[in-house]
1. Here's a check for you: in the range 87-96, which residue that is open to solvent by 90 Å² or more (accessible area, probe 1.4 Å) and in a strand (DSSP E or B) is nearest to CYS67 (Cα to Cα)?
2. From ALA132, ALA117, ALA159, ALA151, grab the single residue that is farther than 30 Å from GLY5 by Cα, under 37 Å from the mean Cα position of the chain (by Cα) and either not in a loop (DSSP other than H, G, I, E, B) or not hydrophobic (A, V, I, L, M, F, W, C) (or both).
3. Those residues that are more than 14 Å from ALA108 (Cβ to Cβ) and out of contact with any helix residue (DSSP H, G or I) (no Cβ under 9 Å at 6 or more places or on another chain), I need them from the range 8-26; list them, please.
4. Within the group LEU99, LEU122, LEU54, which residue is under 27 Å from the mean Cα position of the chain (by Cα) and assigned to a loop (DSSP other than H, G, I, E, B)?
5. Only one of (1) out of contact with any Lys or Arg (no Cβ under 7 Å at 6 or more places or on another chain); (2) without any contact (Cβ under 8 Å) to a residue 60 or more places away in the chain; (3) closer than 27 Å to ARG27 by Cα is not met by VAL81, so which one is it?
6. Would it be correct to say that ASP139 is over 30 Å from LEU7 (Cβ atoms) and open to solvent by 100 Å² or more (accessible area, probe 1.4 Å)?
7. LEU76: part of a strand (DSSP E or B), of a type outside the set (Asp, Glu) and open to solvent by less than 100 Å² (accessible area, probe 1.4 Å), yes or no?
8. Which members of the range 37-64 meet the condition of being open to solvent by 80 Å² or more (accessible area, probe 1.4 Å), more than 30 Å from PRO100 (Cα to Cα) and either among the small types (Gly, Ala, Ser) or at pLDDT 75 or above (or both)?
Amino acid sequence: MPGIGTLSVADLPARSDFANKQVTAPRPQFVFSTASINEESDLLIEYIATKKMLSRNESSSMLNDFCGQLENKKDLSIKQVGLFTIDADHKIKFEPAQLPEIFLQNVAADRVIHPEAEHSILVGDTETTNTAMTEYYIDEPVKKSRWWLAALILSVISAAMILIYFLNNGQLL
């Protein structure tokens, strides 16, 4: 747009929302930049000339008149595109129009995990696989040490032998 800047369409990508089990739709959004590119102005003039069946000079004059309206008015609205305004510092601000939500509906997305398939997961700040983590957390049966049982049996046998010895020799008390 001569003397104003460049108006373009940017695509905002789809996003995963695992908490709500959905994927948000990609959204096109109009973006305004105060940097003007002459090549793009020429393309816009050609487009207007083709659509309105005008000469290149007439379409250029028409575009310049349209852009001049913004300087004469404090705001200029382009239907289904957005609103241009001039703030107190005489800077041009652009507020894009919101597209109807019917065109941008979210998609339900349930996470599917195949237990037999190996997939990467993030543990803390380290990336690993589900099989590596399963092997890491497998509880190996712990062999319980029963050394105290042998010591207890030997102690009971020793006490019984000492008791029998003293009973046979008659010197128990």
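The values are calculated or read from the model by the stated rules, or taken from the named source; none is laboratory data. Note that the structure is a prediction, hence the values are computed from the model and not measured. Cβ atoms come from the backbone with ideal geometry, glycine included; neighbour counts cover every protein chain shown. We work out accessible area using only protein heavy atoms, side chains counted, and drop any ligands, DNA or RNA first. Shrake-Rupley method; radii C 1.70, N 1.55, O 1.52, S 1.80 Å.
1. Start the filter on the range 87-96 by keeping residues that are open to solvent by 90 Å² or more (accessible area, probe 1.4 Å), which leaves 88-91, 93, 95.
Retained after the next criterion (residues that are in a strand (DSSP E or B)): 93, 95.
Values: LYS93: 14, GLU95: 16 Å.
Ranking the candidates gives LYS93 first.
2. On the way: ALA117 fails: either not in a loop (DSSP other than H, G, I, E, B) or not hydrophobic (A, V, I, L, M, F, W, C) (or both); ALA159 fails: under 37 Å from the mean Cα position of the chain (by Cα); ALA151 fails: under 37 Å from the mean Cα position of the chain (by Cα).
Step by step, each of ALA132, ALA117, ALA159, ALA151 is checked, and only ALA132 is farther than 30 Å from GLY5 by Cα, under 37 Å from the mean Cα position of the chain (by Cα) and either not in a loop (DSSP other than H, G, I, E, B) or not hydrophobic (A, V, I, L, M, F, W, C) (or both).
3. Kept after step one, since they are more than 14 Å from ALA108 (Cβ to Cβ), are these residues of the range 8-26: 8-13, 15, 26.
Passing the criteria: VAL9, ALA10, ASP11, LEU12, PRO13, ARG15, PRO26.
4. Numbers: LEU122 fails: assigned to a loop (DSSP other than H, G, I, E, B); LEU54 fails: under 27 Å from the mean Cα position of the chain (by Cα).
Testing whether each residue is under 27 Å from the mean Cα position of the chain (by Cα) and assigned to a loop (DSSP other than H, G, I, E, B) leaves just LEU99.
5. Unmet for VAL81, out of (1) out of contact with any Lys or Arg (no Cβ under 7 Å at 6 or more places or on another chain); (2) without any contact (Cβ under 8 Å) to a residue 60 or more places away in the chain; (3) closer than 27 Å to ARG27 by Cα: (2).
6. Details: over 30 Å from LEU7 (Cβ atoms): yes; open to solvent by 100 Å² or more (accessible area, probe 1.4 Å): yes.
So ASP139 fits the description; yes.
7. On the way: part of a strand (DSSP E or B): yes; of a type outside the set (Asp, Glu): yes; open to solvent by less than 100 Å² (accessible area, probe 1.4 Å): yes.
Judged against the criteria, LEU76 is a match.
8. Passing the criteria: MET53, ARG56, ASN57, GLU58.
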